[in-house]
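Chemist: My questions all concern the structure below.
Values quoted throughout were computed directly from the atomic coordinates according to the rules given, and no laboratory measurement underlies them. These figures come from a predicted structure and were not determined experimentally. Here the Cβ positions follow ideal geometry from the backbone for every residue, glycine too, while neighbour counts run over all protein chains shown.
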Amino acid sequence: MNSVEYYSPTSLKEALNLLAAYGEEASILNGGTDLIVRMREGQSKPKVIVDIKKIDELHKIEIEDNYVFIGACVHLNDLGKHQYIIEKYPFLAKAALSIGSNQVRNRATCIGNICNASPLADTATPLLSLNADVHIYSENGLRTVPLNQFFVFVRKTILKQDEIVTGISFEDDDSILGVFYKMSRRKEVDLSTVCSTVIKSNKGYFVSYGAVAPTPVRLYKTESFLNENTLSQETIKEACMIASQEVSPISDIRATEKYRREIVEVTLQNSLLEWL
Amino acid sequence: MKKTINFILNGEPVEHAVDTNKTLLKMLREDFDLTGTKEGCGAGECGACTVIMDGKAVNSCLVLAVESEGKDILTIEGLTVNGELDPLQTSFVENAALQCGYCTPGMIMTAKAMLNENPNPSLDEIKEGISGNLCRCTGYKKIIEAIHSVAEQNNS
Ligand code: FES
Ligand code: FES
């Protein structure tokens, strides 16, 4: 690993100042389960590390005013074992607990998972289907961006060098039912071959997939078809066809393109069958 | 570049100037000679480097040493107090739950953190609990039995 300067600011302001001062040379350190591996492998060579874990306000999960807010430093285990999340958003809890091992989840964070913008980020699909907003803090104040506009490409987001994600929020809606699927080669400690979250609520269907495009994606065509038709064996079949064409997977070491399209059909079918 | 940090290591407060680019794993092994903690993959996949940080099992290869500031770190060496083995260590010996032994410290630290949280895990909970620890020798059966027997002692 290259030599680094390490800072652990205790306020957002201080963290922003550091990011502004060091620009491209600085990396934010959160759970570290991704960054430290990348540094070890020479894929990341930050000169300055800004550890944001000492900023208290980033550690909270808040349920307030009909919104659920997940702070940037909330660990995957804390999210996945949070009583309210387990009861009302079990698919999100399941997604959080599907990542890495217990040891990894004690360090890794949901926001880190999102900010890394891996195409197969496991917590991205539940949050996309929940229409979550990303809270971004910078010198100009706070802005929120819908998660579906946050991802740009593989490992690329709209986040600028001098910005910090403080958390992610979504509307607390009693009518939401959701199903999360993760298909992987091993049961534990593996990356998704395909992952998905399908939500049904008073507002309609929300379908998101991971590992089938350069970023986690919403399947809007599939959603409109589902919203315009009543659920039946036939419409489920048709929705699955549409979904398998709407995604744009590639072949890689985990699976072929064809297999991924098939898995999209199977997982969507299984998800929708829950509500038939 | 070095930074001085203060933390608790196996019950003792320490002050130590550490390279800012060193992982907790490397610091334990190289600076403190605590070589019980092993490096397998160095990337969060095998669990050989597991230590307990503020009561939670973590992969020490995925933590920078400087992040230990203010933390309470427990390694396999810290389990033995005044020459007295921890019940988990005794149980691993009695159940022959190791062959080459490379995974053992990580396994035991993972099990320790698990039993602290849940003193009576079921066999399935034990299996899930150690799923972040690879063993290339034993086939896991004896490891699971060794942990289970400690859980049963807790029960009685
Ligand atoms: S050496 Fe840390 S998980 Fe393998
Ligand atoms: S005893 Fe050899 S790796 Fe587990």
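Chemist: May I ask what percent, to the nearest 5, of DSSP beta bridges between residues of chain A are antiparallel?
Modeler: The answer is about 85 percent antiparallel.
Chemist: In addition: Using just the Cα positions, wrap segment B:2-78 in a convex hull and report its mean projected area in square nanometres, one decimal place.
Modeler: 4.2
Chemist: Could I ask something else about it? For segment A:5-112, state which GluC sites (Glu not before Pro) are in a DSSP loop and have at most 16 other beta carbons lying within 10 Å of their beta carbon.
Modeler: Qualifying residues, ordered by number: A:41.
Chemist: Would you list B:39, A:223 from fewest to most Cβ contacts within 10 Å?
Modeler: Listed from fewest to most nearby Cβ atoms, that is B:39, A:223.
Chemist: Quick check: Cα centre of segment A:57-79 to Cα centre of segment B:1-32, how many Å?
Modeler: That distance is 31 Å.
Chemist: Hey, if you drop one equal point scatterer on each alpha-carbon of segment B:87-154 and run the Debye formula without solvent, what base-10 log of I(q)/I(0) do you get at q = 0.12, 0.13, 0.24, 0.28 Å⁻¹?
Modeler: Taking Cα atoms of segment B:87-154 as identical point scatterers yields -0.23, -0.27, -1.02, -1.45.
Chemist: What percent does the relative contact order of chain A come to when contacts are Cα pairs within less than 8 Å and at least six residues apart?
Modeler: Result for chain A is 15 percent.
Chemist: Let me ask you something else. Step through the residues of segment A:180-190 one at a time and calculate ³J(HN,Hα) from phi using the Karplus curve (6.51 cos²θ - 1.76 cosθ + 1.60, θ = phi - 60°), rounding each to whole Hz and writing x for Gly and Pro.
Modeler: 10, 10, 10, 9, 9, 6, 10, 6, 10, 6, 9
Chemist: Among A:100, A:167, A:23, determine the one that fluctuates most according to a GNM of chain A built with springs between C-alpha atoms less than 10 Å apart.
Modeler: A:23
Chemist: Among all the lysines, which ones have a C-alpha under 19 Å from residue A:203's C-alpha, if same-chain residues fewer than 8 places away are not counted?
Modeler: Answer for residue A:203, where 19 Å is the Cα cut-off: A:88, A:221, listed by chain and number.
Chemist: Separate question: Which whole-number percent gives the relative contact order of segment B:87-154, counting Cα pairs below 8 Å spaced six or more residues apart?
Modeler: Contact order relative to length: 52 percent.
Chemist: Residue-wise, which Karplus ³J(HN,Hα) couplings in Hz belong to segment B:29-40, taking 6.51 cos²θ - 1.76 cosθ + 1.60, θ = phi - 60°, and x for glycine or proline?
Modeler: Values per residue, Gly and Pro as x: 6, 8, 8, 10, 6, 8, 8, x, 6, 9, 9, x Hz.
Chemist: How would you rank A:40, A:261, A:185, going from fewest to most other Cβ atoms within 10 Å of each one's own Cβ?
Modeler: Ordered by Cβ neighbours within 10 Å, fewest first: A:185, A:40, A:261.
Chemist: I need B:81, B:66 ordered by Cβ neighbour count within 10 Å, fewest first.
Modeler: Placing the least packed residue first, the sequence is B:81, B:66.
Chemist: Hey, rough spin-label estimate for residue B:90 and residue B:41, points 7 angstrom out along Cα→Cβ, what's it come to in nanometres?
Modeler: 3.4
Chemist: Identify all lysines with a Cα-Cα distance to residue A:187 below 20 Å; exclude those on the same chain that are fewer than 8 residues away in sequence.
Modeler: A:81, A:94, B:127, B:141
Chemist: Right, another one. Tell me the relative contact order for chain B as a rounded percent, counting alpha carbon contacts under 8 Å between residues six or more apart.
Modeler: Value for chain B: 24 percent.
Chemist: While we're looking at this one, here's another question. For segment B:38-57 and segment A:167-244, what is the centre-to-centre distance using only Cα atoms, to the nearest Å?
Modeler: What the calculation gives is 34 Å, centre to centre.
Chemist: Between their Cα atoms, which of A:156/B:3; A:13/B:56; B:3/B:26 are more than 22 Å away from each other?
Modeler: A:156/B:3; A:13/B:56
Chemist: For chain A, what does the convex hull of the Cα positions come to per residue, in cubic angstrom?
Modeler: Taking only Cα atoms, chain A has a hull volume of 124 Å³ per residue.
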